[in-house]
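Working notes for the structure below.
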Amino acid sequence: MPFVPSEPPAPSRTRARLLISGGLLALLGGLVALTLVITSGAGPDRVGPPPVAPNRMPTPIATGPANTAPETVEPSITAIPPPDNLPVVDYDAAPGGFPADPDPLSTVRLREGLRPTARVGAYDAPGGRPRAFLEPNLAGVTLVMPIVQRRSGWAAVLLPSANRTLAWVPPGDWTTVPLRDQLVVERKTYRLTWLRDDQPAQSWRTTLGTRATPTPLGRTFVLGRSTLTGRVYADTDVFALGAIPDDPDAVPTALRGAHIGLHTWYNDDDLGTNVTDGCIRITRSGQRKLLDEIGPGTMLVVVDKLPAATPGPLTGG
C-alpha cells in the first residue's frame, strides 16, 4: 500500500524544498526518488533546489589509483557557436545526442570538477555539435560536474539529469575545483564506502532499489542537498544525485521526473534489502556524517561488487 507520511515535508528556513513530482511527496511502499526544487526570492518564475552545504567542495575518491583526468596534447579545436534556441540542462531528463561514458564502472577517483561561471555550450565531442547549455546553477544549486577526460582544452564531464553520459565543454567560462572524496556503492553487498584522498574513511549498510526499479549502475555525482522535515527522513537533509531512474516508466506516477537520492530513513529495518524506487538509504548517523563532509560534485559510483573487499569498518550506525 502507498505510504504517505503524516508529516509532509515543509520548506526549510531558506525556503528550499525537495519535492516529488511537482509538489507531492509520495512515498510508495516506503520508497522515494527525489526531485529537487526550491523557490527563491527572485519571484514566482524562479525555481531551483536547496541550499548546498557550505561550499566545501566535493572530494570524490576511488578504489583504484587516483589520477587527474588525462589531457591529450593536440592542436586547438574550435567550438561551433551554439544557437540560442538550444535547451538548458535542468532537473528534467537531459536532451539526447551526448556520448556514453566510456568507463562507467570505473572506481578511479576523478580529481577535478568543472564549475561553469556563465552559460556554456555542451557538445557531443570536441569541435562537435552543440546539444545544450549548462548554467552555473541547476535548480538553485551550484553546478559542479566531475571531469572525466580532457582534450585540447576541452573537458568531458559527467552530464547531470542523465545516466552514464558525458558532455564536452570547450575552453572558456568555467573553472575547476578539487575533488577529494568519492562514494562507492556495491549492490550485491549493500555497502556504501566513503573514501577521502583514495583512502577508505567509513562504510555503511544500505537499502537499494527493487528489481523493477534498481539503483542505476555507473558513475554519477552529488548534485545538491535539501532539507526535508518530517518523520520519514529522520529530520535529516537528503542528497539529490545527477542520476535518474533507468526506466522512468517503472517508478510510481508520482515520482516521474525525479532524481535518484541518497538519504536516511526513519528506521533501519530495511538495511541490506531492495525496497526503494532506486534511491540509496543509509543510517541516520551515516547520512549526517556525509552531510558534514562532502559537497556538490562528489562522485558516486554504483557497481555490483568490487573485485576485492574494500578495507575499512562497516557500520550500521
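Beta carbons within 10 angstrom, averaged per residue: use that to sort the peptides 244-257, 272-285, highest first.
My ranking of the peptides, most packed first, is 272-285, 244-257.
Would you kindly state how much longer the chain becomes between T176 and E74 on full extension, computed as 0.36 nm times their sequence separation minus their alpha carbon distance, in nm to one decimal?
34.7 nm
Test of understanding: extend the Cα→C-beta vector of Y266 to 7 Å, then name every residue of the range 223-238 with backbone N under 11 Å from that spot.
230-235
Tally up the carbon and sulfur contribution to the accessible surface of the range 239-278 as a whole percent, 1.4 Å probe, everything protein left in place.
Ligands and nucleic acids excluded, carbon and sulfur reach 43 percent.
Whole-Hz Karplus ³J(HN,Hα) for the range 85-100, in order, using 6.51 cos²θ - 1.76 cosθ + 1.60 and θ = phi - 60°, x for Gly and Pro?
After applying 6.51 cos²θ - 1.76 cosθ + 1.60, I find 8, 5, x, 9, 5, 9, 6, 6, 4, 5, x, x, x, 8, x, 6 Hz.
Kindly identify the range 181-227 as rounded, prolate or oblate by the Cα gyration tensor criterion: order the square roots of the eigenvalues as a ≥ b ≥ c, call it rounded if a/c is under 1.5, otherwise compare a/b with b/c, prolate if a/b is larger, else oblate.
Note, shape of the range 181-227 comes out oblate.
Taking amide H positions as placed 1.01 Å from N in the peptide plane, with prolines and chain starts having none, which residues 5 or more places from A201, or on another chain, fall under 5 Å of its amide H?
Result for A201 returns W194, L195, R196.
How do 113-125, 214-226 rank on mean C-beta neighbours within 10 Å, highest first?
My ranking of the peptides, most packed first, is 214-226, 113-125.
Subtracting the Cα-Cα distance from 0.36 nm times the residue separation, let me have the gained length for K305 to D292 in nm, one decimal.
Roughly 2.0 nm would be gained on extension.
What's the center-to-center distance, using Cα atoms, between the range 197-269 and the range 97-175 in Å?
22 Å
Rank-order 156-163, 82-89 by packing density, defined as the average count of other C-beta atoms within 10 Å over each peptide's residues, highest first.
Most protected by this proxy first, the peptides run 156-163, 82-89.
The values are calculated or read from the model by the stated rules, or taken from the named source; none is laboratory data. Just so you know, these numbers come straight off a predicted model, no measurement behind them. Neighbour counts are summed over all protein chains in view; Cβ atoms, including those assigned to glycine, are modelled from backbone coordinates with ideal geometry. For the accessible areas, the whole protein counts, side chains as well, though only heavy atoms, and no ligand, DNA or RNA atoms are used. Shrake-Rupley method; radii C 1.70, N 1.55, O 1.52, S 1.80 Å.
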